[in-house]
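Trainee: I'd like to ask you about the structure that follows.
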Amino acid sequence: MRVELVEAAVDPGALLSAFIAGRRETGAVVSFTGLARADGGETTALELEAYPGFTEAEIARIAAAAAERFGLQDALVVHRTGRIAPGEPIVFVAAAAAHRRAAFEAADHLMDFLKSRAPFWKKRHGPGGEAWIEPSAGDYRDAQRWERQETRRP
Amino acid sequence: MARVRLFGPLRDLAGWREREVEAASLAALRHALAREDAVLGAALDGPGVQAAVDRTIVRGDAALSPASEVAFLPPMSGG
């Protein structure tokens, strides 16, 4: 299980290849890459702020909970901080499991919790100025659905 | 004395990111900050704002030592 905050651009392909390499008991790896959107020109850059030390620890807690719930063999979360241009990856998540369902659900679960429960603050810069972005009602609903729904274990 | 850190919109609102404040408890610290800057004081009590003392989320009051680090965390938005 690995959690990393990085200021430089990330290469999701290289992260995925390294995550997959050398596994003999893993049947499924699911990865997700979140990109910064231009929003039709409204966003020229995103600025991500973290609380170094605390943010990694909270993400590790979220990842450990997902690993336990879905029976993951391994997980990787790489999150950018600082200034991010449209088209650049903000977040990369990978989940490894013996079977695909656990890997799909764990990656989905990890992202839902990262969106609204990981300690990041996101500012949008654009032609109209700058504004902090709060999680949407949908983001909170996405995280809440895991409180109701029980997953099927293989 | 405690080291106070503000994140996200709170630091833009206050116009500072980090400073030392004389306070023996979290409640006293909130009071001291609110006395100086009423708008910030209200924002620290606002919806979804959490406080962490030495990187642990605290609900209610907590004692502070001179080495304590208090962080005010507005609603979080990653990914």
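The values are calculated or read from the model by the stated rules, or taken from the named source; none is laboratory data. Everything quoted here is computed from the prediction, not taken from an experiment. Here the Cβ positions follow ideal geometry from the backbone for every residue, glycine too, while neighbour counts run over all protein chains shown. Keep in mind that these areas ignore ligands, DNA and RNA; they rest on the heavy atoms of the full protein, side chains included. Shrake-Rupley method; radii C 1.70, N 1.55, O 1.52, S 1.80 Å.
Trainee: Based on the Cβ-Cβ distance of A:A8 and A:H125, what FRET efficiency does E = 1/(1 + (r/R0)^6) give at R0 = 22 Å, to the nearest 0.05? Walk me through the intermediate numbers first.
Mentor: On the way: r = 19 Å, r/R0 = 0.86.
Efficiency, from the Cβ-Cβ distance: 0.70.
Trainee: Which longest run of chain A has no exposed loop site in it, a site being trypsin sites (Lys or Arg not before Pro) in a DSSP loop with at most 14 other beta carbons within 10 Å, and the site itself not part of the run? List each step's numbers first, then the result.
Mentor: Values: sites that count: A:R23, A:R24, A:R37, A:R152.
The segment A:38-151 is the longest one with no such site.
Trainee: Counting partner chain Cβ atoms within 10 Å of every residue's Cβ in A:2-12, what's the average? Show your work: numbers first, answer last.
Mentor: Working: counts 0, 0, 0, 0, 0, 0, 0, 0, 0, 0, 0.
Counting other chains' Cβ atoms within 10 Å and averaging over A:2-12 gives 0.
Trainee: How much mean residue ellipticity at 222 nm does chain A get from its helices, if each DSSP H run of length 4 or more adds -39500 (n - 2.57) and you divide by all residues, to the nearest 500 deg cm²/dmol?
Mentor: Numbers: 4 runs with 56 residues, N = 154.
Theoretical 222 nm ellipticity from helices: -11500 deg cm²/dmol.
Trainee: Given a 1.4 Å probe and every protein chain left where it sits, what share in percent of the accessible area of chain B is carbon and sulfur?
Mentor: On the way: 2020 of 3740 Å².
C and S fraction of accessible area: 54 percent.
Trainee: Next up: Can you pull out the GluC sites (Glu not before Pro) in the range A:68-154 that DSSP calls coil and that have at most 16 other Cβ atoms within 10 Å? Walk me through the numbers on the way to the answer.
Mentor: Details: sites: A:E68, A:E105, A:E130, A:E147, A:E150; in loops: A:E150.
Hits after loop and neighbour filter: A:E150.
Trainee: May I ask which residue of A:A137, A:G40, A:Y51 lies farthest towards the positive end of the charge dipole of the range A:1-143, with charges of +1 (Lys, Arg) and -1 (Asp, Glu) on Cβ and the Cα centre as origin?
Mentor: A:A137
Trainee: Now a separate question. Report which residues of the range B:63-79 become buried by 20 Å² or more of accessible surface when going from the isolated chain to the complete set of protein chains (1.4 Å probe; DNA, RNA and ligands ignored).
Mentor: B:L73, B:P75, B:M76, B:S77, B:G78, B:G79
Trainee: Taking only protein heavy atoms into account and a 1.4 Å probe, give the accessible area per residue of the protein assembly as shown in Å².
Mentor: On the way: 11410 Å² over 233 residues.
Here the residues of the protein assembly as shown average 49 Å² of exposed surface.
Trainee: Now a separate question. Using a 10 Å cut-off around each Cβ of peptide A:111-123, what is the average number of partner chain Cβ atoms that fall inside? It would help to have the intermediate numbers written out before the result.
Mentor: On the way: counts 2, 1, 2, 4, 4, 5, 4, 4, 12, 6, 11, 5, 4.
If you average over the peptide's residues, the count of other-chain Cβ atoms is 5.
Trainee: Quick check on chain B: helices-only [θ] at 222 nm, where DSSP H runs of length 4 and up contribute -39,500 (n - 2.57) each and the sum goes over total residues. Nearest 500, please.
Mentor: On the way: 3 runs with 24 residues, N = 79.
Here the helix-only value at 222 nm equals -8000 deg cm²/dmol.
Trainee: Please compute the modelled spin-label separation between A:E88 and A:L16, points set 7 Å along Cα→Cβ, answer in nm with one decimal.
Mentor: Distance between label points: 2.1 nm.
Trainee: Ballpark to the nearest 100 Å², how much total accessible area do B and A bury together, probe 1.4 Å?
Mentor: Numbers: alone 4710 and 8580 Å², together 11410 Å².
Chains B and A together bury approximately 1900 Å².
Trainee: Separate question: How well do other chains shield peptide B:41-51, expressed as the mean number of their Cβ atoms within 10 Å of each residue Cβ? Please report the intermediate quantities before stating the final value.
Mentor: On the way: counts 0, 0, 0, 0, 0, 0, 0, 3, 0, 1, 0.
For this peptide, the per-residue mean of nearby foreign Cβ atoms is 0.
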